[in-house]
1. Output the number of residues of region 133-173 satisfying the condition of being touching a residue at least 24 places away in the same chain (Cβ under 8 Å) and not hydrophobic (A, V, I, L, M, F, W, C).
2. Collect the residues in region 21-42 that are surrounded by fewer than 18 Cβ atoms within 10 Å (Cβ to Cβ) and either closer than 23 Å to Y130 by Cα or of a type in the set (A, V, I, L, M, F, W, C) (or both), keeping them in residue-number order.
3. Any residue in region 2-15 that is touching a helix residue (DSSP H, G or I) at 6+ places or on another chain (Cβ under 6 Å), in a loop (DSSP other than H, G, I, E, B) and closer than 24 Å to N134 by Cα?
4. For the structure I just gave you, tell me whether N56 is modelled with pLDDT of 90 or more, in a strand (DSSP E or B) and not hydroxyl-bearing (S, T, Y).
5. Of the residues that make up region 222-236, is at least one outside any loop (DSSP other than H, G, I, E, B), closer than 28 Å to L205 by Cα and modelled with pLDDT of 70 or more?
6. Within region 16-33, can one find any residue that is outside any helix (DSSP H, G or I) and either under 20 Å from M1 (Cα atoms) or not charged (D, E, K, R) (or both)?
7. Which one of these does N50 not meet: (1) polar (S, T, N, Q); (2) surrounded by fewer than 15 Cβ atoms within 10 Å (Cβ to Cβ); (3) modelled with pLDDT under 90?
8. Output the number of the condition that K257 fails; it satisfies all remaining conditions of (1) of a type in the set (D, E, K, R); (2) in the same structural domain as E195 (by TED's automatic domain parsing); (3) at pLDDT below 75.
Amino acid sequence: MKPTYFGYVRTSDKNREEESHHQRKAILDYAGKNKIKIENIYEDFGSGRNVYNLSNMKELINEAQYINGEKIILIFEASRISRTFKGWEEIKEKLIEAKINVYSINQDLHFKWDKISGSVAFEQAIFSAYTEYNQICERIRSDVDRRRAEGHAFGRAPFGMMRENNKFVVCKEEQDVVDIMKSLWKQKKTIAEIEEHMTEYDITLRGNIACKNTIRYILNKTGARKTNKSIVKRRTIQKQKSSGVDRIFGKINLNKKTKEYEVEDVIEMKFVKNGRNKKKYYLVKWAGYPSSANTWEPEENLNEDAKRYFHN
């Protein structure tokens, strides 16, 4: 039985038509040269950090898994299927489950689901792509930091501001909305009551309905809602240690130590499915740490005062 071939093309966004065309042409040229019939060429637009989350890659794997015989995905190079190890491990698991092989045309590298040890060169190519990705990100961050220091405005303007001559300036219409929220907050209104007020008077936030999380975010950013650190206290975590001697004899001696971290703010809440039940998690901003260090904590890690602070 002949193998079944699929093509896969990925670019970071829809504006990269030339790059997309180049990848597609390489796949079709390879198929023509080797007299291969390609069932379909799937194309995604998005980051290479987690390709399996892209819709067409999911569709490709779902379609291919029900086909008997050998299945091969043709790609231009390894970085098209993943740019990070974490993303690669996830998609590799799916490829093995569906018994799908991958071939990188430009690099002449194979990933074979049943011969993982023979796919080392393919994984090394992904490591190179990951290294290159980090270097690009670092260059972009450095350039953005430098230009910000020079007074340039980057990203979307915060609510209450607008971009003018490459700088953020006050937007009067939005600032009026912020003043309304601040005024209601000073009147001891809860976030839910502010949401009701804005819904009643049809006050929107850049065309969107004002929801609790957005109102909370704007009040935090404008400094109106400050964390009461006497209410939001600390979380305690236990670290486990085992000595080398204990490990040798197959025993683990747990020396429990506690370390305390101060909470700066409780930002958001979500429910995570746990069997038939749902468990509450809170997004916590830690004092002295950047926003990138925010973590989702189960509700038992926060005291009642902290949870009450969030819901008010």
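1. 3
2. Just the residues of region 21-42 that are surrounded by fewer than 18 Cβ atoms within 10 Å (Cβ to Cβ), to begin with: 21-22, 24-25, 28-29, 31-40.
Of everything in region 21-42, those that are surrounded by fewer than 18 Cβ atoms within 10 Å (Cβ to Cβ) and either closer than 23 Å to Y130 by Cα or of a type in the set (A, V, I, L, M, F, W, C) (or both) turn out to be H22, R24, L28, A31, I36, I38.
3. So far as region 2-15 goes, no, none of its residues is touching a helix residue (DSSP H, G or I) at 6+ places or on another chain (Cβ under 6 Å), in a loop (DSSP other than H, G, I, E, B) and closer than 24 Å to N134 by Cα.
4. Criteria not met by N56.
5. No; the residues of region 222-236 include none that is outside any loop (DSSP other than H, G, I, E, B), closer than 28 Å to L205 by Cα and modelled with pLDDT of 70 or more.
6. Checked region 16-33: no residue is outside any helix (DSSP H, G or I) and either under 20 Å from M1 (Cα atoms) or not charged (D, E, K, R) (or both).
7. Tallying (1) polar (S, T, N, Q); (2) surrounded by fewer than 15 Cβ atoms within 10 Å (Cβ to Cβ); (3) modelled with pLDDT under 90, N50 fails exactly one: (2).
8. (2)
The values are calculated or read from the model by the stated rules, or taken from the named source; none is laboratory data. Predicted model only: the values in this text are computed from it and were never measured. Virtual Cβ from ideal backbone geometry, glycine too; neighbours counted across all protein chains shown.
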